[in-house]
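The values are calculated or read from the model by the stated rules, or taken from the named source; none is laboratory data. These numbers were taken from a predicted model, which means no experiment stands behind them. Every residue, glycine among them, receives a Cβ derived from its backbone with ideal geometry; neighbour counts consider all protein chains shown. For accessibility, only protein heavy atoms count, side chains too; no ligands or nucleic acids. Shrake-Rupley method; radii C 1.70, N 1.55, O 1.52, S 1.80 Å.
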Amino acid sequence: MSPGDRPADLRLDGVLRAAADRLAAAGVSMARGDAERLAAHVLGLGPGELAAAAVTGRALAAADARRLDALVTQRAARVPLQHLTGRAPFRTIELDVGPGVFVPRPETEVVAELAVAELVVAELAVAEPAGAGHALVEPLVVDLCTGSGAIALSIAVEVPAARVVALELDRDAHAWARRNVDRVAPGRVDLRQGDVAGADGGVLADLAGAVDVVVANPPYIPSWAVPLDPEVAEHDPQVALYGGGDDGLVVPAAVVRTAAGLLRPGGLLVMEHGDVQGAAVRALATTAGGWLDVTTAKDLTGRDRALVARRAQRDRR
Ligand SMILES: C[S@@+](CC[C@H](N)C(=O)[O-])C[C@H]1O[C@@H](n2cnc3c(N)ncnc32)[C@H](O)[C@@H]1O
């Protein structure tokens, strides 16, 4: 049977419409986009190619239609889109993701951006030492709570001069990070396993006082605030979501303490938090002391998203 002979109900445009309707009925917010991503995944097409195939009346082979139908059924059951395609885009890269690792979020791209910007300024300082403050030959950056390795790998790719170290507690997430490092930027990220609490005196002790930028997206959801979306509540690992305690700030507080031990004087901490946690997270730094320019950065939707603080003196904690 030639493509032109296929039944009308296997034509891509109709299949996409039906898939989007099923996903919308299941409460998926980006139903049409998800249907297109799943179809593109099944057919091995880019977004532009998929649109062209739909417009020109391309029909699906029966096997592809069955495969897409199975994926749409799973997505309608609220399995994350990224688990079904196996990939999550983040800035300029794509991460392998699946059960056992947190799916990187668009808001975290802003957090990575702040770290990248600091490192690029440092590189410029090397290029133009006369106009510079602290000149860095090989800036050292540590990504605490790295998960899939999204932030660490983005920095490794976007700031080739940087030395990148990443830390992850969870064994499964660490394995996903290892896989991503080996595929995206082999040899570029020094990936370690351990608890961020006390890491400056433990698994990261060799870096104490020498780090230019510490960046982190730790778990920060309070223990009582169970996320509403099934994709999050049922598929992101609990260790990646809940920060500990009624305020969710046990792990973030550990990040601030460990960053204090890792950063050189003048080094920068960038740490993601929830949109209502700005003041509480700034207080983690101001109460501890030894931090300058403690501010909150906003994400692209204008919500409070990250603590930004500069280390004043290494020995004041
Ligand atoms: C919100 S996820 C962020 C992952 C990744 N940085 C990202 O932005 O996509 C938090 C990560 O921190 C890890 N984690 C939780 N507690 C930790 C701890 N005490 N020490 C180190 N990593 C921890 C989790 O396993 C999870 O991978």
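The alpha-carbon atoms of the chain, seen along their principal axes, cover 75, 47, 34 angstrom, with the largest extent given first. Placing unit charges on the Cβ atoms only, positive for Lys and Arg and negative for Asp and Glu, gives the range 162-301 a dipole magnitude near 560 debye about its Cα centre.
Using a cutoff of 8 angstrom between alpha carbon atoms and counting only pairs six or more residues apart, the relative contact order for the chain works out to 13 percent. Rounded to whole numbers, the Karplus 3J(HN,Hα) couplings from phi for the range 151-168 are 5, 4, 6, 4, 5, 4, 6, 8, 10, x, 7, 6, 8, 10, 10, 9, 10, 9 Hz, using 6.51 cos²θ - 1.76 cosθ + 1.60 with θ = phi - 60°, and x at Gly and Pro. Loop-located chymotrypsin sites (Phe, Trp or Tyr not before Pro) in the range 181-263 (DSSP state not H, G, I, E or B) with no more than 11 neighbouring Cβ atoms inside 10 Å: W224. With contacts taken as Cα pairs under 8 Å and at least 6 residues apart, the range 161-317 reaches a relative contact order of 21 percent. Taking amide H as placed 1.01 Å from N in the peptide plane, W291 has its amide H under 5 Å from the amide H of A312, each at least 5 places away in sequence or on another chain.
Annotation: peptides 278-284, 160-166, 138-144, ranked by per-residue average of other Cβ atoms within 10 Å with the highest first, follow the order 138-144, 160-166, 278-284. Residues whose amide H lies under 5 Å from that of V214, counting only those 5 or more places away or on a different chain, are V142, L268, L269, V270; hydrogens are built 1.01 Å from N in the peptide plane.
Among V72, A88, P104, whose Cα lies farthest out toward the positive end of the dipole of the range 11-109, if unit charges sit on the beta carbon of Lys, Arg (+1) and Asp, Glu (-1)? Result: V72, furthest along the dipole toward the positive end. Here the dipole of the chain is about 160 debye; that uses its Cα centre as origin and unit charges on the Cβ of Lys and Arg (positive) and Asp and Glu (negative). Centroid-to-centroid, using Cα positions, the range 269-292 and the range 53-124 are 30 Å apart. Ranking R171, R257, R78 by solvent-accessible area of protein heavy atoms (1.4 Å probe, all protein chains present), from largest to smallest, gives R171, R257, R78. The calculated 222 nm mean residue ellipticity attributable to helices in the chain amounts to -12500 deg cm²/dmol, summing -39500 (n - 2.57) over DSSP H runs of n ≥ 4 and dividing by all residues.
Rounded to the nearest 10 degrees, the angle from helix 250-262 to the longest Cα principal axis of the chain is 50 degrees.
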